[in-house]
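> Handing you this structure, nothing more for now.
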Amino acid sequence: MKVLVTGGTGSLGMAIIEEFASEYDVTFTYHTQKERAVELANKFNCKYMQTGELDNAEFDFDIIINNAAISGEIDRAENISTESFAEVMLTNVVLPFNIIKKSLNHMKNNKFGRIINISSVYAIRVEEELTAFNTSKYALVGLSNSIAKEYAKFGITSNSILPGTFESEVSNKFADIYSNNEEEKENYYSNLIKDIPAKRLGNTKEIAKLIKFIASEEASYINGASITIDGAYSV
């Protein structure tokens, strides 16, 4: 089976590729990190393309994992530019929609398809100063559910994964934004963990294993679900 993973060079993307590569024919996208893309392709014997090349790709994928995302400006809503807001929606919602739309014919013909959209716990518990990101992740759940409702009769499932904070480059990026030194960074993570009942951050391998199950035959009746993986943070 053929799998498409967007945002393959990020922390979660790499974990997904590693989880799927031994059993599936994996293609992943990258935005700017070509050197890392080449390394991943060689290591896991998979294919890659730059995001812009999707326009000319042959959409014969059986499993779509929409993982690519950006956070946009981190500020109060009144200070966020319309251009930045639109860019977040374009990457986090419109791109997944276009990929799904182009994949549906193949999936309908095969009476099988798995669409897995990586949303966020912030789709149900929003974070301040992330208006565009929060909004896009709400919208992505709506997209998932709409596709599930319309295409379940064709053997296609469409589900959302809602990760909480996990160990990743993105988490480190936010830690750096809110910290001026290593001590403040440690405090930032300590305060995050205090709010998580599991008392730890998640890791990308846990999320990738969940995604692989949702992509399997055994998960055929899981459809239109929003599955949190957040250590009970959102409860």
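The values are calculated or read from the model by the stated rules, or taken from the named source; none is laboratory data. Quantities reported herein were computed from a predicted structural model and do not represent experimental measurements. Every residue, glycine as well, gets a Cβ built from its backbone with ideal geometry; the counts of neighbours run over all protein chains shown.
> Checking the conditions here, which among Ile147, Ile156, Ile211 is hydrophobic (A, V, I, L, M, F, W, C), closer than 23 Å to Asn98 by Cβ and in contact with a Gly (Cβ under 8 Å, 6 or more places away or on another chain)?
Going through Ile147, Ile156, Ile211 in turn, just one is hydrophobic (A, V, I, L, M, F, W, C), closer than 23 Å to Asn98 by Cβ and in contact with a Gly (Cβ under 8 Å, 6 or more places away or on another chain): Ile156.
> Among the residues of the stretch 31-59, write down those that are out of contact with any strand residue (DSSP E or B) (no Cβ under 6 Å at 6 or more places or on another chain) and either aromatic (Phe, Trp, Tyr) or farther than 30 Å from Leu130 by Cβ (or both).
The answer is Val38, Glu39, Asn42, Lys43, Phe44, Asn45, Asn56, Ala57, Glu58, Phe59.
> For the stretch 53-74: of the residues being acidic (Asp, Glu) and outside any loop (DSSP other than H, G, I, E, B), which is farthest from Ala15 (Cα to Cα)?
Asp55
> Considering the stretch 54-73 alone, what residues qualify as being of a type in the set (A, V, I, L, M), crowded, with 18+ Cβ neighbours inside 10 Å and over 18 Å from Met107 (Cβ atoms)?
Selection gives Ala68, Ala69.
> Continuing with this model, one more query. Sort through Lys173, Lys185, Lys111 and tell me the only one that's of a type in the set (Lys, Arg) and over 20 Å from Arg200 (Cβ atoms).
Lys111
> I've got another one for you. Can you tell me which residue in the stretch 188-219 is surrounded by the fewest Cβ atoms within 10 Å (Cβ to Cβ), limited to those that are closer than 23 Å to Glu18 by Cα and in contact with a Lys or Arg (Cβ under 9 Å, 6 or more places away or on another chain)?
Ranking the candidates gives Ser216 first.
> Still on this structure: Contact list please: Cβ distance under 7 Å, first residue in the stretch 23-36 and farther than 13 Å from Ile64 by Cβ, second residue small (Gly, Ala, Ser) and part of a helix (DSSP H, G or I), pairs at least six apart or on different chains.
These pairs meet every condition: Tyr30/Ala37.
> What number goes with the only condition from (1) of a type in the set (A, V, I, L, M, F, W, C); (2) under 30 Å from Ile177 (Cα atoms); (3) in contact with a strand residue (DSSP E or B) (Cβ under 7 Å, 6 or more places away or on another chain) that Ala77 does not pass?
With (1) of a type in the set (A, V, I, L, M, F, W, C); (2) under 30 Å from Ile177 (Cα atoms); (3) in contact with a strand residue (DSSP E or B) (Cβ under 7 Å, 6 or more places away or on another chain) applied to Ala77, the lone miss is (3).
> Check off (1) touching a Lys or Arg at 6+ places or on another chain (Cβ under 6 Å); (2) closer than 25 Å to Glu19 by Cβ; (3) at pLDDT 95 or above for Phe154 and give me the number that stays unchecked.
Just one mismatch for Phe154, condition (2).
> Where in the stretch 75-168 are the helices (runs of 4 or more DSSP H), entirely inside, with at least 3 residues that are in contact with a helix residue (DSSP H, G or I) (Cβ under 9 Å, 6 or more places away or on another chain), closer than 20 Å to Ile63 by Cβ and of a type outside the set (S, T, N, Q)?
95-110, 131-151
> Mind counting the residues in the stretch 1-52 that are part of a loop (DSSP other than H, G, I, E, B) and among the small types (Gly, Ala, Ser)?
The total comes to 5.
> Select from the stretch 1-48 the residues that are closer than 20 Å to Ser168 by Cβ and of a type in the set (Gly, Ala, Ser) and list them in ascending order.
Residues satisfying the conditions are Gly7, Gly8, Gly10, Ser11, Gly13, Ala15, Ala21, Ala37.
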